[in-house]
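*Asks:* First, the structure itself, so that you have it in front of you.
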Amino acid sequence: MNIGILLVAVVGGIAGLFSTLYLAISLPVVLIWKVYRKIHLGIPITK
């Protein structure tokens, strides 16, 4: 297999993995943070 194509596939796979991990971690963290602010500070969730 061509080394250039293999390199592009590996870099693309790593980029996809990191973007998926970012979304999978950041979404629950943001939701938990908003609920925490709502409970402890009385700030509306939509702010």
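The values are calculated or read from the model by the stated rules, or taken from the named source; none is laboratory data. As the structure is a computational prediction, the values presented were derived from the model and not from experiment. Every residue, glycine among them, receives a Cβ derived from its backbone with ideal geometry; neighbour counts consider all protein chains shown. Heads up: the accessible areas ignore ligands, DNA and RNA and are worked out on the full protein's heavy atoms, side chains in. Shrake-Rupley method; radii C 1.70, N 1.55, O 1.52, S 1.80 Å.
*Asks:* On the basis of being surrounded by fewer than 10 Cβ atoms within 10 Å (Cβ to Cβ) and of a type in the set (A, V, I, L, M, F, W, C), does I3 make the cut?
*Replies:* When the stated conditions are applied, I3 passes them.
*Asks:* Scan (1) open to solvent by 100 Å² or more (accessible area, probe 1.4 Å); (2) in a helix (DSSP H, G or I) for the single condition T46 breaks and write down its number.
*Replies:* T46 satisfies every listed condition except (2).
*Asks:* Which number in (1) outside any helix (DSSP H, G or I); (2) open to solvent by 80 Å² or more (accessible area, probe 1.4 Å); (3) not hydrophobic (A, V, I, L, M, F, W, C) marks the one condition that Y22 misses?
*Replies:* Against the list (1) outside any helix (DSSP H, G or I); (2) open to solvent by 80 Å² or more (accessible area, probe 1.4 Å); (3) not hydrophobic (A, V, I, L, M, F, W, C), Y22 comes up short only on (1).
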